[in-house]
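Right, one structure below, let's go through it.
The values are calculated or read from the model by the stated rules, or taken from the named source; none is laboratory data. Everything quoted here is computed from the prediction, not taken from an experiment. Cβ: placed from backbone, ideal geometry, glycine included. Neighbour counts: every protein chain shown. Protein only, heavy atoms only, side chains kept; ligands, DNA and RNA dropped before computing areas. Shrake-Rupley method; radii C 1.70, N 1.55, O 1.52, S 1.80 Å.
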Amino acid sequence: MGRLNRRALLTRLQHLGVASRADLAKSLGMSQPTAGKIAEELLELGVLEEIDGAEPAPASSKGRVKLGRPGRLLRLNRTVPRFVALQLGVSETCVSTLCLGVSFSDNWQHRFKTPGSAELWAHRLKAIASRLPSAAYWGVLVSVPGIVDDLAGRVLFSPNLHWTEKVDLCRLVQEVWAVPVVLVQEERALALGYQHLHPRARDFLLVDFGESVGASLVVSGQLYDNLLPICAELGHVPVLGNKRPCGCGALGCLETLVSTRGLLQSFAAAHGGLVPTWEFMIETLAIRGVEPWLATTLDATSVVIAGALNVLGVRTVVVTGSLPDLPTAVMAHLSSAIRRGSIYARFGQIDIETAPRHRTAGLVAAGIDRLVVPMSNRDPAARGVASSSACDRHPGHSTPKHSVAANS
Ligand SMILES: [Zn+2]
């Protein structure tokens, strides 16, 4: 029960940003002493911090005094970096230290070209680690592409980064930072980040376009979990008539058409020239509109997304990544095609919106979920096992002192 209350208070504070103890108690239906006790505990652990605020003036003073006496407000700690975040991208790896209180925009402090082997990748990480502030980090949070068993901490299949299938990524990272490591499948990180910053979004399919194409699903405010560690792999649905080879080993996957590389390849084929830069393609499309090759690609994409909506029974699509960077006619074409394919649109409303990627916010949400206040029944820590995650197996490590689970 204590852990449930702590999680409830943390989640509410994540959504509110800043709140007083009294506001938290009231909005959660807790007694003030209970909320106050949890707040003190989280303050002591460094999960929360206090900032100066002004309590609302009493009703009787209305019209005379705008602000009441200064109060102490709570927020997630934005002062001390607690996590190292990694984005293992197909072509680029990004690294940053993160506090528990995150901002709206991703701000990666270090970047390097993702090399073709685990050894070189670890070598580059070590070089960056020596430049990061030395701090008692609580964990490393890694956004990983491909089919990822996040609880087991393994990459099962990675169409565009096959070397990650053959190595123990957690152990590799722990050779650089000897703290627990949490792997988060990249689209799941994006969905968690979107939800973290848009707490009213309870049911949505997030589709991300970039070097690869993937999706993740949030239902009733929770990331959807299947029996298999695979969900919404829209990029690898075959498109009839498409013969392009895909990194997954199949022919004709949607990703080979609508990934950044696929779009550039189609543009070059249509214009009879070399593969252009992304910026040149955007400029040309801004003048020429949705050309026939692009319309065909967008229509194929819409069939896959509408099929997912029809199967899953959700009516909100959040599109992130490279497609929203293209001229607005592109998203307009895709949106109307999705609505044409969705049965719900015949009598209801399908919402399609674009959003920036909130990857760091998603990673921190996963870090809080897995390391700070573990709740999932599937999570070893939530079952009282000393190890706080499947990746937390390096010698000499005990349950992290910061983990609220360790104190419950
Ligand atoms: Zn494929």
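Accessible surface comparison of I343, I282, I287, I368, probe 1.4 Å, protein chains only, largest first: the order is I287, I343, I282, I368. Phi-derived couplings, Karplus 6.51 cos²θ - 1.76 cosθ + 1.60 at θ = phi - 60°, listed residue by residue for region 314-327: 10, 10, 10, 10, 10, 9, 10, x, 7, 4, x, 6, 6, x Hz, with x used for Gly and Pro.
The phi-based Karplus calculation (6.51 cos²θ - 1.76 cosθ + 1.60; θ = phi - 60°) puts the 3J(HN,Hα) values of region 273-285 at x, 6, 5, x, 6, 4, 5, 5, 5, 4, 4, 5, 5 Hz, whole numbers, x for Gly and Pro. With a simple spin-label model that places each label point 7 Å from the Cα along the Cα-to-Cβ direction, the separation between E119 and R346 comes to 6.0 nm. For region 199-354, averaging the sequence separation of C-alpha pairs within contact (under 8 Å, six or more residues apart) and dividing by the residue count gives a relative contact order of 24 percent. Counting 0.36 nm for each residue step from C99 to V275 and taking away their Cα separation leaves a gain of 59.3 nm.
For the chain, the fraction of 1.4 Å probe accessible surface lying on carbon and sulfur atoms is 55 percent. Accessible surface for the chain, divided over its residues, is 46 Å² per residue with a 1.4 Å probe. Remark: the R288-L156 segment gains 43.3 nm on full extension, using 0.36 nm per residue and subtracting the alpha carbon distance. Distances between placed amide hydrogens fall under 5 Å for G71 paired with G53, A54, E55, all partners being 5 or more residues away or on another chain. Among 205-211, 176-182, the peptide with the highest mean count of other Cβ atoms within 10 Å heads the list, and the full ranking is 205-211, 176-182. The string of couplings for region 139-154 from the Karplus curve (6.51, -1.76, 1.60, θ = phi - 60°) is x, 10, 10, 10, 7, 10, x, x, 8, 10, 8, 5, 6, 7, x, 10 Hz, one whole number per residue in order, with x for Gly and Pro. Note on L312 and L4: with the Förster distance fixed at 22 Å, the Cβ-Cβ geometry gives a FRET efficiency of about 0.20. Taking the inverse of the mean reciprocal distance over all distinct Cα pairs, the Kirkwood hydrodynamic radius of the chain comes to 22.9 Å. Ordering T256, T34 by accessible surface, largest first, gives T34, T256; the 1.4 Å probe counts only protein heavy atoms, with every chain in place.
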